[in-house]
Amino acid sequence: MIGYLMALTAWIWSAAWMLGLVTWSAVLGNVPPYQANYLTMWHLKRKGISESIYGTMKIATAVIMFPIWWIFASLSITVLFLATSSPLFILLNKHWLLAYFTQINPVVMFFILLVWWPISGKMHMNLYSRLVRSWRSLKRWKNWRQNELDWDRLQKRQREIGGMLIGLGDSLVLPGDPEWQEPKTGDDDFKHVALR
């Protein structure tokens with residue numbers, strides 16, 4: 001029961017962060033330059049770029065486009081939050097707690113956002129993999145709790161299969177056995193495995 005609650009908690013935690021700040025930051029910070037890179041490569045391919053430099057060009061355009069976009073997005077968000085004539089600035093100042101966001105130093109906010117875009121993409125991928133793992137764990141717990149499965153028969157069958165594999169291994173001369181003959185250099189070991 002504790003394992004089930006842990007899996008459920010991990011799933012809720014990952015989903016909550018993904019539906020919040022992390023995913024929206026990852027989308028805003030990484031999807032536009034990714035799509036721009038895709039369109040650039042599509043355009044270059046239509047113009048007849050050589051296949052031998054396609055991968056290099058893709059990486060080069062990504063190295064150029066992602067930082068340019070991160071600078072633009074960081075500058076835009078900083079201005080949106082901190083410019084006194086911005087509607088968001090006015091809206092944030094109407095709440096006593098949110099007003100503190102408008103008092104951040106613009107240079108500090110710019111650099112925090114500049115670093116945040118790539119980090120949010122990586123965090124999103126980590127949260128997504130954790131979400132999938134915890135979902136699979138929840139499904140496993142659900143299956144284990146059902147009485148429809150004949151666990152005794154399954155355990156017996158797994159032991160039979162394990163015994164068959166041990167018997168198969170015992171009937172072969174494998175590396176590390178006293179009868180094992182070292183193959184010549186360059187030959188694979190599996191070619192020299194033989195029955196006893």
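In segment 38-54, what residues are over 22 Å from G121 (Cα atoms) and either among the charged types (D, E, K, R) or part of a helix (DSSP H, G or I) (or both)?
Step one: of segment 38-54, the residues over 22 Å from G121 (Cα atoms) are 42-54.
The answer is W42, H43, L44, K45, R46, K47, E51, S52, I53, Y54.
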**Q.** segment 48-106: number of residues that are of a type in the set (S, T, Y) and in contact with a Pro (Cβ under 7 Å, 6 or more places away or on another chain)
**A.** 1
Q. Does N126 meet the test of being out of contact with any helix residue (DSSP H, G or I) (no Cβ under 7 Å at 6 or more places or on another chain), within 30 Å of A7 (Cα to Cα), assigned by TED's automatic domain parsing to the domain that holds A7 and of a type in the set (S, T, N, Q)?
A. yes
Q: Would you point out the residue of segment 46-70, among those that are charged (D, E, K, R) and loosely packed, with under 14 Cβ neighbours inside 10 Å, that is farthest from the chain's Cα centre (by Cα)?
A: K47
Q | Scope segment 35-82; condition within 20 Å of P118 (Cβ to Cβ) and not hydrophobic (A, V, I, L, M, F, W, C); matching residues | A | Q35, N37, Y38, T40, K58, T61, P67, S74, S76, T78
Q: Return a yes/no flag: does segment 176-184 have any residue that is assigned to a helix (DSSP H, G or I) and of a type in the set (K, R).
A: no
Q | Matching residues in segment 142-194 - criterion: being under 30 Å from L8 (Cα atoms) and among the aromatic types (F, W, Y) | A | W144, W151
Q | Subset tally (residues that are under 13 Å from M125 (Cβ atoms) and hydrophobic (A, V, I, L, M, F, W, C)) for segment 16-37 | A | 5
Q | Single residue of A99, A73 found to be modelled with pLDDT of 90 or more and either surrounded by 14 or more Cβ atoms within 10 Å (Cβ to Cβ) or out of contact with any Phe, Trp or Tyr (no Cβ under 7 Å at 6 or more places or on another chain) (or both) | A | A73
Q) Does V173 satisfy the condition of being of a type in the set (A, V, I, L, M), within 30 Å of G3 (Cα to Cα) and modelled with pLDDT of 85 or more? A) no
Q: Check segment 169-181 and report whether any residue there is in contact with a Leu (Cβ under 7 Å, 6 or more places away or on another chain), outside the structural domain of V79 (by TED's automatic domain parsing) and surrounded by fewer than 14 Cβ atoms within 10 Å (Cβ to Cβ).
A: yes
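So if I check each of L91, L97, L154, L114, which one is farther than 25 Å from V22 by Cα and free of Cβ contacts under 8 Å to residues at least 60 places away in the same chain? Spell out the reasoning first.
Numbers: L91 fails: farther than 25 Å from V22 by Cα; L97 fails: farther than 25 Å from V22 by Cα; L114 fails: farther than 25 Å from V22 by Cα.
Unique residue meeting the criteria: L154.
The values are calculated or read from the model by the stated rules, or taken from the named source; none is laboratory data. Since the model is a prediction, treat every value here as computed from it, not as a measurement. Reconstructed Cβ throughout: ideal geometry from the backbone, glycine too, with neighbour counts over all protein chains shown.
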